[in-house]
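Read the structure below first, then the notes.
Read-outs throughout are calculated quantities, based only on the coordinates presented, and are distinct from any laboratory measurement. As the structure is a computational prediction, the values presented were derived from the model and not from experiment. With ideal geometry, Cβ positions are generated from the backbone for all residues, glycine too; neighbour counts draw on all protein chains shown.
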Amino acid sequence: MTPENLLFIMSDEHNPRLLGAAGHTIIKTPHLDRLAARGTMFSDAMCNSPICVPSRASFATGRYVHEIGFWDNAHPYNGSVKGWGHRLIARGHHVVSIGKLHYRSTEDSNGFSREIMPLHVVDGVGDVLGSIRPELPIRESVRDLADELGPGESSYAQYDRDIAEAAEQWLSEAAARPNGKPWVLFVSFVEPHFPLIAPPQFYALYDAQSLPVPAMYAESERPDHPFIQAMRRCMNYDRHFTPDKMRRAIANYYGMVSHLDHLIGRVLAALDRTGFTASTRVIYTSDHGDNLGARGLWGKSNMYRESAGVPLIMAGTDIPAGQVCDRPVSLIDCHPTIFEFTGLPLEAEDATRPGRSLPDIARGQVGDRVVLCEYHAVGAVTGAFMIRTGRWKYIHYVGMPPMLFDVVADPGERHDLGRDARHATDVAACEQALRSVVDPDAVNRRALADQARKVAEHGGSEAVKRRGTFGRSPVPGEQPVYR
């Protein structure tokens with residue numbers, strides 16, 4: 001591919017099903033839909049861990065979470081494992097971030113030439129309460145998810161508007177500079193991450209009472225797996241969500257997705273206005289999804305598609321327009337893709353990274369492989385490892401029964417075949433495929449040991465529980481609210 005600039009846009013907690021281009025008939029995302037129409041969309045994309053810090057660390061480094069040890073939101077990325085940004089800078093490219101990073105600190109070498117209004121973990125420490133495992137404390141901060149409902153204004157919405165404005169300004173300034181090596185601009189929004197408060201004009205696009213009830217929301221329909229049951233006890237969602245709050249929460253989330261889409265439209269318009277569109281490829285994705293009430297679950301933190309799946313679109317020179325690729329991919333595949341788009345050759349160490357070029361995958365040049373997602377964070381009583389291979393989605397819980405879904409026959413993941421004797425051979429084959437990539441038992445022990453040390457560093461579990469935690473990371477200049 002011809003080396004070009006790259007505009008990489010990431011959101012936070014965007015459920016992959018809520019995208020017009022993905023076939024959703026209610027959500028209004030005209031700018032992302034147009035981006036997909038002029039590019040290629042991956043319909044089976046996932047993060048590598050369904051929570052912010054580990055997901056973003058994997059994305060930054062092109063490594064799985066178990067390879068780098070940034071397990072949860074109290075083990076933030078600190079630049080110690082070098083990634084795509086470091087190599088681009090070393091080769092003389094300008095690499096700039098605007099918005100949320102959720103790393104440890106700007107004082108670290110994070111792989112950016114410049115960080116503009118970055119959001120990092122609180123005090124360089126993050127959420128230590130989430131490191132208390134396998135005994136799971138009750139998360140009192142979850143009530144904020146149901147209580148902080150719009151329509152209205154939030155610091156997140158204002159922060160995202162500031163991010164869009166800063167991106168517009170950066171593009172204008174870049175257009176006035178002499179041409180050099182391709183640049184990378186990483187624009188990272190926080191919406192539609194809760195609080196579920198949508199700007200009024202975007203909330204007004206949806207009628208809360210007419211929106212469909214989340215799939216499997218009734219108690220009789222919900223999965224009874226022990227991992228999910230333990231997470232419910234920790235998060236205690238039903239204590240906080242009434243039927244009215246549930247509908248208002250969904251309407252606000254829809255409105256926030258549309259607000260995000262509007263801001264992405266502003267950045268893409270600035271790309272046009274500055275003359276960069278013809279020489280800039282664009283990637284859009286999110287760091288993970290959001291359950292949004294499906295199966296009675298909210299937020300992220302599990303392996304269902306709503307949570308572990310992400311939207312993923314790429315557009316620009318030499319990228320087929322209007323194409324949908326249904327091959328499984330994940331965020332680590334962005335690592336070699338960024339090099340390909342900007343003209344950097346792969347190096348010897350890249351052979352040990354699991355990611356593959358997204359254009360090669362879309363062209364059918366990458367054979368069958370195992371795509372991995374893992375989770376060792378808040379609400380997880382044990383390590384969870386998910387693979388996509390062939391028609392199967394297999395979830396391995398250390399010390400607990402597995403889950404198995406036939407995503408061809410059951411794309412909604414309603415029917416768990418993991419304990420079905422008729423699929424024992426399929427389960428065994430999937431477990432063997434997982435173990436060809438990772439030793440789940442050894443990784444689970446290592447994650448728990450690292451987290452126990454982290455908790456001990458902060459005075460032990462009782463001290464951490466007394467301090468509590470915050471429901472969300474504050475924007476720059478805002479103070480966290482502990483529960």
Grab the eigenvalues of the alpha-carbon gyration tensor for region 41-174, scale each by 5, take roots, and send me the semi-axes largest first in whole angstrom. 27, 22, 14
Using θ = phi - 60° and the Karplus form 6.51 cos²θ - 1.76 cosθ + 1.60, what ³J(HN,Hα) does each residue of region 163-169 get, whole Hz, x for Gly and Pro? 4, 4, 5, 5, 5, 4, 5
Dipole in debye (nearest 20) - the chain, about Cα centre, beta carbon charges: Lys, Arg +1; Asp, Glu -1: 260
Work out, step by step, the length gained on full extension between ALA409 and HIS458: first 0.36 nm times the residue separation, then minus their alpha carbon distance; give nm to one decimal. 12.9 nm
Tell me, what HN-Hα J-couplings in whole Hz come from the Karplus equation 6.51 cos²θ - 1.76 cosθ + 1.60 at θ = phi - 60° for each residue of region 288-295, using x for Gly and Pro? 5, x, 8, 4, 6, x, 4, 6
Where in region 21-44 is the amide nitrogen less than 19 Å from a point lying 7 Å along the Cα-to-Cβ axis of GLN201? 28-32
In whole percents, the bins of 20 Å from zero upward hold the Cα-Cα pairs of the chain as 25, 61, 14, 0
Kindly work out what percent of the DSSP beta bridges joining two residues of the chain are antiparallel, to the nearest 5. 45
With a 10 Å radius around each residue's Cβ, average the other Cβ atoms per peptide and rank 278-289, 414-425, 90-101, highest first. 278-289, 90-101, 414-425
Among LYS245/LYS465; LYS82/LYS300; LYS181/LYS393, the pairs whose Cα-Cα distance exceeds 31 Å are LYS181/LYS393
Calculate one ³J(HN,Hα) per residue across region 347-354 by plugging θ = phi - 60° into the Karplus curve 6.51 cos²θ - 1.76 cosθ + 1.60, and present them in order as whole Hz with x for glycine and proline. 10, 4, 5, 5, 5, 8, 8, x
In what order do GLU165, GLU413 fall by count of nearby beta-carbon atoms within 10 Å, going from fewest to most? GLU165, GLU413
What does the charge dipole of region 119-159 about its Cα centre add up to, to the nearest 20 debye, if the Cβ of each Lys and Arg holds +1 and the Cβ of each Asp and Glu holds -1? 160
